[in-house]
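Asks: Let me begin by handing over the structure; questions about it come next.
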Amino acid sequence: MLTINECGDVELIDEQNCDVDVANDVYDWTIHACAHEDMVLVSEWVGNISGVAWLRSVAAGLHPERFGKLARILSRLSGLMDSYTPASEIRRALPELELLLQEDHLGSTRTISALNGFVVEDKLDWGPIMLDEFHSLGPSPYYESPWPDLVELGVIGYEFVVRSREEPADELLRTRILEQKWDPESVEFGPAPDGRPTSRITFTNLQTKESVTVRSFGVSTRLPRLGRVLANADRDEPEPALVYPETLIVGERRVMLTEAWWTLKRLHRLFAASAATGNPVVWH
């Protein structure tokens, strides 16, 4: 299961089809074999499946000539957190990670905001912006809707698109400036994501005045909780209000490195510990 290569680094041999006792030995090794204070389980610092998915999205946006070695490591990570990267690869990628930590930003992302500047969604894209792909605003395509007339709302490029949920989808409306008006009489609650309601909503292209009235979850956000209300510091605080801005546009902004600073800095500590000790980074 474990071997020392010609460089003195620890390597794991494929543990498929091994018995439970050997697998437990490997797990014990990942915790106790190295006394280096920064050699800990990745999941303790970076997060598990969602954290690794985020790292893969970072890799997708990195410049291949400047960050190719780092991007290859991050893009190969398993969503099941069952892989490892030998110290030899970590050493080659460490200078690129250090260079990345000196950058100002990590690419760009599209946003959704109201015409008055109120931000509804500050990050639509995780990785490069794919302008020709339909980016759903929810729910999942696999969501089993109790409403047969429910439509799908999403973004293609910098336009909102309203379309049917069947395959192939029938496009009902496309617009750069979207107006949404709810019908209070048709609001329904069901087994919906986040407990959000649906309604008969009239979506309008404000540039052409073309409109369509359909059942949808619409575009919503919860008002940000900027801090604790001192009067309620010892009590449960109410859930922030759900709001539905009436007029919406798709924009774009740079993703600043400071938004990812703590995760990338922790990853740097893991890489540095691996390079110093010869132990692989175990993505567990």
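Asks: Please count how many residues of region 164-184 are touching a Leu at 6+ places or on another chain (Cβ under 6 Å) and surrounded by 20 or more Cβ atoms within 10 Å (Cβ to Cβ).
Replies: The total comes to 1.
Asks: Could you please tell me which pairs satisfy a Cβ distance under 8 Å, a separation of 6+ or placement on different chains, a first residue in region 57-71 that is polar (S, T, N, Q), and a second residue that is at pLDDT below 85?
Replies: Close Cβ pairs satisfying both conditions: Ser57/Trp126; Ser57/Gly127.
Asks: Just give me the residues in region 167-199 being within 25 Å of Arg110 (Cα to Cα), under 27 Å from the mean Cα position of the chain (by Cα) and of a type in the set (A, V, I, L, M, F, W, C), in sequence order.
Replies: Ala169, Ile177, Leu178
Asks: Quick test for you: out of Ala273, Ala233, Ala241, pick the one residue that is under 24 Å from Thr111 (Cα atoms) and at pLDDT below 90.
Replies: Ala241
Asks: Can you name the number of the only condition in (1) surrounded by 13 or more Cβ atoms within 10 Å (Cβ to Cβ); (2) more than 18 Å from the chain's Cα centre (by Cα); (3) not polar (S, T, N, Q) that Gly154 fails?
Replies: Exception for Gly154: condition (2).
Asks: Still on this model: How do the pairs read when you match residues in region 78-104 that are over 25 Å from Thr258 (Cα atoms) and assigned by TED's automatic domain parsing to the domain that holds Arg56 with residues anywhere that are modelled with pLDDT under 95 and basic (Lys, Arg), using Cβ under 9 Å and keeping only pairs 6 or more apart or on different chains?
Replies: Once the first residue is over 25 Å from Thr258 (Cα atoms) and assigned by TED's automatic domain parsing to the domain that holds Arg56 and sits in region 78-104, its partners that are modelled with pLDDT under 95 and basic (Lys, Arg) give Ser83/Arg76; Thr85/Arg76; Glu89/Arg72.
Asks: Could you tell me which residue of region 93-135 is nearest to Arg200 (Cα to Cα), considering only residues that are among the hydroxyl-bearing types (Ser, Thr, Tyr), crowded, with 16+ Cβ neighbours inside 10 Å and under 18 Å from the mean Cα position of the chain (by Cα)?
Replies: Here the answer is Thr111.
The values are calculated or read from the model by the stated rules, or taken from the named source; none is laboratory data. Note that this is a predicted model, so its numbers are computed, not measured. All Cβ positions, even for glycine, are placed from backbone atoms using ideal geometry, and neighbour counts span all protein chains on display.
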